[in-house]
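Only one structure is covered here, and it is reproduced in the block below.
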Amino acid sequence: MSRIVTYSSAYTVVPTYECFNHCSYCNFRSDQGKSSWLSLSEAEKQLLSLNNQGIIEALILSGEVHPKSKYRQAWFQLIHSLCRLALSLGFLPHTNVGLLSKSEMKELKQVNVSMGLMLEQITPKLLRTVHRNAPSKIPDLRLQQLEWAGELRIPFTTGLLLGIGETVNDWTETLEAIANIHQKWGHIQEVILQPYSPGRQQELNGGGFEMNLLPEVVAIASNILPSDITLQIPPNLVTQPEILLACLETGARDLGGIGPLDEVNPNYPHLHYQALVKVLESRGWQLIKRLPVYSEYDDWLPENLKDIVSKWRMRLLMSK
Ligand code: SF4
């Protein structure tokens, strides 16, 4: 059995924390007008400051502006411009900004090597609880995004959010839905199994996901998902090394983006990189850097992106 675990060295760029949804567990959002939008010059400053830190991926992560808002076009243009800026500075953009129209997805494909949207859970019962004020979390709308991504041949990352009031049966149904869509289009490169952990701002009652159960979820996902989908767990949320290692034994093979700061869960710092390597090596696992697009999908990319990706592949090869 291969003992390789991958990660992406990523820096998160946040166009805005503003979001019209109110997911009751959210540690990220702010109300409209409460957080200024990122300017291109500030973004450039941030990206230039990463010189020599080995960062490859620019993860564009944003709160959502309502599709009918008069600010929607400006929001979308900002995201598009940030992707172009990141590309011009040699980074590989991966955008995850919530629900998009099909034409918005099509435009972003031209400036992203991959994109993402968490499916979270497809059970509609969460619309009466944690998602009662989050219209973007209607399961059918999110499934539609996954379909469009497949139709548009966009290498895609999705995942489950765990511990928000779902049952074991709900995990299975959500995983089966992902497997079915992937069987049709073959575009899901990875599935994140993200345990919800309470932060400072959340309103959700309860203690979040019972971390001891994570290896079991990984095992269930390994059984349901096709083997060409990589299972990802976020290492910063697995504060107990034994659980992280157990997740690897049951099928997880990727640790997602590792970078200077986790924007979604700022209260849960990453294990220091060297400490992480030590934990992994103690059981014979080797940690390897990857690109935000898996090599099977390089042919799907627009020509200008193929060039920059192949240069990065060469650099990674030479650095081994
Ligand atoms: S979880 Fe995402 S969609 Fe929900 S409120 Fe937070 S930023 Fe908005």
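Readers should treat all values here as calculations from the given coordinates under stated rules, not as data from a laboratory. Since the model is a prediction, treat every value here as computed from it, not as a measurement. Cβ sites come from the backbone with ideal geometry, for glycine too, and all protein chains shown count toward neighbours.
A single entry from G98, G63 fulfils the requirement of being within 14 Å of V13 (Cβ to Cβ) and in contact with a Ser or Thr (Cβ under 6 Å, 6 or more places away or on another chain): G63.
Rundown of residues vs (1) touching a strand residue (DSSP E or B) at 6+ places or on another chain (Cβ under 7 Å); (2) buried (at least 19 other Cβ atoms within 10 Å of the Cβ); (3) on the phi > 0 side of the Ramachandran plot; (4) assigned to a loop (DSSP other than H, G, I, E, B), yes/no style:
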| residue | (1), (2), (3), (4) |
| --- | --- |
| V111 | yes, yes, no, yes |
| M118 | yes, no, no, yes |
| Q121 | yes, yes, no, yes |
| W171 | yes, yes, no, no |
| T174 | yes, yes, no, no |
| I192 | yes, yes, no, no |
| P215 | no, yes, no, no |
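Is one or more of the residues making up segment 136-149 more than 26 Å from Y297 (Cα to Cα), outside any helix (DSSP H, G or I) and free of Cβ contacts under 8 Å to residues at least 60 places away in the same chain? Scanning segment 136-149, I find at least one residue that is more than 26 Å from Y297 (Cα to Cα), outside any helix (DSSP H, G or I) and free of Cβ contacts under 8 Å to residues at least 60 places away in the same chain, so the answer is yes. Going through (1) under 17 Å from N180 (Cα atoms); (2) free of Cβ contacts under 8 Å to residues at least 60 places away in the same chain; (3) among the β-branched types (V, I, T) one by one, I154 falls short only on (2).
Take the residues in segment 50-62 that are away from the ligand (no atom under 16 Å from the Cβ) and not in a loop (DSSP other than H, G, I, E, B); name whichever of them is surrounded by the fewest Cβ atoms within 10 Å (Cβ to Cβ). Among those residues, the one meeting the criterion is E57.
Number of residues in segment 2-49 that are surrounded by fewer than 20 Cβ atoms within 10 Å (Cβ to Cβ), of a type in the set (G, A, S) and away from the ligand (no atom under 12 Å from the Cβ) equals 7. Based on what the data block shows, is R84 of a type in the set (D, E, K, R) and outside any helix (DSSP H, G or I)? For R84, the condition - of a type in the set (D, E, K, R) and outside any helix (DSSP H, G or I) - is not met. Could you look through segment 63-78, keep only residues that are within 14 Å of the ligand (Cβ to nearest atom) and either part of a helix (DSSP H, G or I) or of a type in the set (D, E, K, R) (or both), and pick out the one that is farthest from L141 (Cα to Cα)? By that ranking, first place goes to W75.
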